[in-house]
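Working notes, beginning with the structure itself.
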Amino acid sequence: MDLAFLFRFLSSIMVITSVAIIEIRDLRRSSYAYMVQSAILSADFSLIAMMTGEWHMYLWTMSSLITKVLLVPRAMIWAIERTGERSEIRPVLPLTASFGLEGAIIISLFLISPSVFPLAESRFPSSIPISLVLFMIGIFGMLSRRCALKQVLCLCHMENGVHLFLASLAYRSPITVEIGILTDAIAAIVILLYMAIRLKHVAGTLDTFKLSLLRW
Amino acid sequence: MIPVLMSLSPLVGSLLSLFLGRRQREICCILSSLISLILATTAFISVKAEPELFLSGEIILDGLGALTAFLISLIVLLASVYSPRYMNLEEGKHRTYYFLLQLFNFTMLSVCISNNIFLIWVFVEATTLSSVFLVTIRGDPTSLEAGWKYVLLCTVGLSIALFGTVMLYVEALERVGESGILWTELIKNKNILNVKAMETAVIFIIAGYGVKAGLFPFHWWLPDTYSEAPTPVSSVLSGVLINCSFLAIARFYLLSPSGVASSLLLLLGIISALFGSIAMIGQANMKRLLAYSSVENMGIACIGLGAGGVGIMFSIFHVFNHGLLKSAAFLSWGGVEKSNKAEVPPSVAFSLILSFILLGGCPPSGIFLSELGVLTSVVRNVLLAVAYLISVFTSFSVLSYNAMERGLGRPAGGNSSPIWIVPLISSAMSIAIGLYPSPLLRVIEEFLGGAS
């Protein structure tokens, strides 16, 4: 099969997994959806490596397999077990409204991204709207969900979008840069999960809308 | 190699402090920040108009970086002298605190000397990650809540900045080549880069680092974090952490200093300045009040940056002065926190009133000069100038009212802890800068001359 077609196909499946990550209420299953998305992302990285011949993209594939597919979902499940929070706290929006907004985000970003981003010379033009969709849906999820763990998952999801953008546009950047960016992303997620567990133990809730001890 | 040594000395200090006893750890913390201050001063004195590059261009020493690095190491030194007197932590937390304080210092100094646009991002993100456990060191629900908001908002903001950085890099790769990852190369070749692509990238970068600098729509983490962190940590966060993100904004803004990016900075700046100064009114918690004052002052700096011309020079000058005095204000308020609730020792009241009034922009301070300088750059736009003056005067009156009320409203007495001397150092420095601003302004002017 044509590699470029495979790349486009896998990238579009990422959009479906991203809706799944946001909409599945069971936190454990949602983390598995994230795992699937990260696996697709790693496959995308290796496709980029094959198409461009940049050997260090294989290293990136390896590191994202280890961190995003193995470590982050494991850490998520560890946090779910430590907090005893199996299912998400009821989100602000009902399911239909949430689906509608996600659809609107996806369609509008696919429509506007070619005109806003003058990066048409890129070798992987299809990944620009997809990474933007992942990013914006992550932000949408973060604003509309109340559960702290779900918000962390939305952040991981946003970072998948940023990393797809980085890999498909800046695949020639030095390896040290990529290691630095990935390390920071993972460290931020681990710190947030640790703080979510502490919050559950100290404040007794993971509902971020109830975190209103500090106002004004 | 001075810049590298300057940023590595706190890293060595932080690692060493893990293996030391309580007293030695405090001394190690003070020593390593003293060494980095000495190196930063040397770097600042030796800085030339043309930026010096080290390690195949990854490390840069220029006016803006040296100025910010000098301020960072000074404020961290004051905070590490202040901390042992201010609080008595239990052993485990004590080790974490001094380890993270120096690690935080290392990440901030590294932001100042990075020339690689991605490394700037990596280190700004690292400043968030290394400082969050300093904010939550008390471990109670409110501090955890503040820490949670801090990490979440800043990480989201910085992802936006990463988007912008990638866009910038792609554009640079096209026109400049592999070396386009270095900021110095970008600034040298900024005329051959595509204007529209640069503008889009710079807007993303301003929005992203703006979260970390505390600009208006994303400033919510600032008051929570500053009020919940221990006072010496708040002084570092408010004094120099936002300077690091301002440095990133300034560096990238200079690549495309006009058009949409400049209007965006003017808009964000004026809203932040107005909102910050109005939110200060009626704020009973002094640390939250000072946080809103940071929002206001970053707004003023962004107005200067957006207005261009002489405004850019004065906005960099303003951020420096603000860092000095904001940390002085936090540290002197810490003295009031330490004294007896009913009484205020005269020495503490003196340092409190001095730092608050200078922070408000009372004439001998550097802030007066920089606010005046920014005003001259916006004075042609009447509406902008009026809004600017409203925010400046509101902030001055709220700060001086609160200083009088807290400092003079209670009977004198009680024994003061000697920490009230610490904030006087930076207040005195700010007065000295207000009286003799020319050496500093010359460094900034030379830096801007090289960058344009």
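The values are calculated or read from the model by the stated rules, or taken from the named source; none is laboratory data. Since the structure is predicted, the reported quantities are computational estimates derived from the model, not experimental observations. Positions of Cβ are backbone-derived with ideal geometry, glycine not excepted, and every protein chain shown enters the neighbour counts. Calculation scope for accessible area: heavy atoms of the full protein, side chains included, ligands and nucleic acids excluded. Shrake-Rupley method; radii C 1.70, N 1.55, O 1.52, S 1.80 Å.
Based on what the data block shows, is A:Ile130 within 15 Å of the chain's Cα centre (by Cα), facing chain B (nearest Cβ under 10 Å) and hydrophobic (A, V, I, L, M, F, W, C)? Judged against the criteria, A:Ile130 is not a match. If only residues of region B:398-438 that are open to solvent by 70 Å² or more (accessible area, probe 1.4 Å) and under 25 Å from the mean Cα position of the chain (by Cα) are counted, the one that is nearest to B:Ser83 (Cα to Cα) is B:Ile421. If the condition is being within 24 Å of the chain's Cα centre (by Cα) and β-branched (Val, Ile, Thr), then region B:11-37 contributes B:Val12, B:Ile30, B:Ile35. Can you say whether B:Ser73 is at negative phi and open to solvent by less than 40 Å² (accessible area, probe 1.4 Å), as far as the supplied structure shows? Answer is yes for this residue. Per the listing B:Ser258, B:Ser245, the residue uniquely open to solvent by 10 Å² or more (accessible area, probe 1.4 Å), closer than 24 Å to B:Glu445 by Cα and polar (S, T, N, Q) is B:Ser258.
Would it be correct to say that B:Ser110 is within 12 Å of chain A (Cβ to nearest Cβ) and of a type in the set (S, T, N, Q)? If you could, list the steps in order and put the result at the bottom.
On the way: within 12 Å of chain A (Cβ to nearest Cβ): yes; of a type in the set (S, T, N, Q): yes.
Yes: the conditions hold for B:Ser110.
Among the residues of region A:164-175, those identified as touching a residue at least 60 places away in the same chain (Cβ under 8 Å) and either surrounded by fewer than 24 Cβ atoms within 10 Å (Cβ to Cβ) or within 7 Å of chain B (Cβ to nearest Cβ) (or both) are A:Tyr171, A:Arg172, A:Ile175.
Considering only region B:320-342, state which residues are within 22 Å of B:Leu408 (Cα to Cα) and within 22 Å of the chain's Cα centre (by Cα).
Looking only at region B:320-342, we keep the residues that are within 22 Å of B:Leu408 (Cα to Cα), and these are B:325-342.
Hits for region B:320-342 are B:Leu325, B:Lys326, B:Ser327, B:Ala328, B:Ala329, B:Phe330, B:Leu331, B:Ser332, B:Trp333, B:Gly334, B:Gly335.
When region A:22-38 is filtered for residues that are of a type in the set (S, T, N, Q) and out of contact with any Ser or Thr (no Cβ under 8 Å at 6 or more places or on another chain), the ones remaining, listed by number, are A:Ser30, A:Ser31. Taking the conditions exactly as written (on the phi < 0 side of the Ramachandran plot and either surrounded by 21 or more Cβ atoms within 10 Å (Cβ to Cβ) or away from every other protein chain (no Cβ under 14 Å) (or both)), does B:Ala213 satisfy them or not? So B:Ala213 fits the description; yes. Of the set (1) among the hydrophobic types (A, V, I, L, M, F, W, C); (2) more than 7 Å from chain A (Cβ to nearest Cβ); (3) touching a Lys or Arg at 6+ places or on another chain (Cβ under 8 Å), all apply to B:Leu144 but (2).
Pairs are defined by a Cβ separation below 6 Å, a sequence spacing of at least 6 or placement on different chains, a first member in region A:144-163 that is more than 11 Å from chain B (Cβ to nearest Cβ), and a second member that is open to solvent by 10 Å² or more (accessible area, probe 1.4 Å) and aliphatic (A, V, I, L, M); the pairs so defined are A:Ser144/A:Val92; A:Ser144/A:Leu93; A:Arg146/A:Ile89; A:Cys147/A:Ile89. Among the numbered conditions (1) buried (at least 21 other Cβ atoms within 10 Å of the Cβ); (2) over 15 Å from the mean Cα position of the chain (by Cα), the only one that B:Pro345 does not meet is (1).
Let's see how each residue does on (1) polar (S, T, N, Q); (2) more than 14 Å from chain A (Cβ to nearest Cβ); (3) in contact (Cβ under 8 Å) with a residue 24 or more places away in the chain:
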| residue | (1), (2), (3) |
| --- | --- |
| B:Met87 | no, yes, yes |
| B:Glu90 | no, yes, no |
| B:Tyr97 | no, yes, yes |
| B:Gln102 | yes, yes, yes |
| B:Ser114 | yes, no, yes |
| B:Leu119 | no, no, yes |
| B:Val124 | no, no, yes |
| B:Thr127 | yes, no, yes |
| B:Ser131 | yes, no, yes |
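So that you can scan it fast, the table gives a plain yes or no per residue for (1) within 14 Å of chain A (Cβ to nearest Cβ); (2) in contact with a strand residue (DSSP E or B) (Cβ under 9 Å, 6 or more places away or on another chain); (3) without any contact (Cβ under 8 Å) to a residue 60 or more places away in the chain:
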site: B:Leu193; (1), (2), (3): yes, no, no
site: B:Tyr209; (1), (2), (3): no, no, no
site: B:Ala229; (1), (2), (3): yes, no, no
site: B:Leu237; (1), (2), (3): no, no, no
site: B:Ala250; (1), (2), (3): no, no, no
site: B:Tyr253; (1), (2), (3): no, no, yes
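Looking at region A:64-166, the helices (runs of 4 or more DSSP H) lying wholly inside it that each contain 1 or more residues that are within 27 Å of A:Ala196 (Cα to Cα) and in contact with a Lys or Arg (Cβ under 6 Å, 6 or more places away or on another chain) sit at A:72-83.
Taken as a whole, the condition of being in contact (Cβ under 8 Å) with a residue 40 or more places away in the chain and either part of a helix (DSSP H, G or I) or in contact with a strand residue (DSSP E or B) (Cβ under 6 Å, 6 or more places away or on another chain) (or both) does not apply to B:Leu267.
Scanning region A:1-53 for residues that are touching a residue at least 60 places away in the same chain (Cβ under 8 Å), of a type outside the set (S, T, N, Q) and open to solvent by 30 Å² or more (accessible area, probe 1.4 Å) yields A:Arg8, A:Arg25, A:Asp26, A:Met51. Taken over region B:147-180, the residue count meeting the criterion of being more than 9 Å from every other protein chain (Cβ to nearest Cβ), surrounded by fewer than 24 Cβ atoms within 10 Å (Cβ to Cβ) and either free of Cβ contacts under 8 Å to residues at least 60 places away in the same chain or among the basic types (Lys, Arg) (or both) is 4.
Would you please name the residue that is most open to solvent (accessible area, probe 1.4 Å), looking only at residues in region B:86-107 that are over 18 Å from B:Leu31 (Cβ atoms) and out of contact with any Lys or Arg (no Cβ under 8 Å at 6 or more places or on another chain)? If you could, list the steps in order and put the result at the bottom.
Of region B:86-107, the ones over 18 Å from B:Leu31 (Cβ atoms) are B:86-93, B:96, B:107.
Then drop every residue that is not out of contact with any Lys or Arg (no Cβ under 8 Å at 6 or more places or on another chain), which leaves B:87-90, B:92-93, B:96, B:107.
On the way: B:Met87: 37, B:Asn88: 139, B:Leu89: 27, B:Glu90: 123, B:Gly92: 43, B:Lys93: 66, B:Thr96: 57, B:Thr107: 8 Å².
Step by step, filter region B:86-107, then rank; the result is B:Asn88.
Listed by first and then second residue, the pairs with beta-carbon distance under 7 Å, at least 6 apart or on different chains, first residue in region A:182-200 and in contact (Cβ under 8 Å) with a residue 60 or more places away in the chain and more than 9 Å from chain B (Cβ to nearest Cβ), second of a type in the set (A, V, I, L, M, F, W, C) and not in a helix (DSSP H, G or I), are A:Lys200/A:Leu206. Against the criterion of being out of contact with any Phe, Trp or Tyr (no Cβ under 7 Å at 6 or more places or on another chain), β-branched (Val, Ile, Thr) and open to solvent by 40 Å² or more (accessible area, probe 1.4 Å), A:Val92 qualifies.
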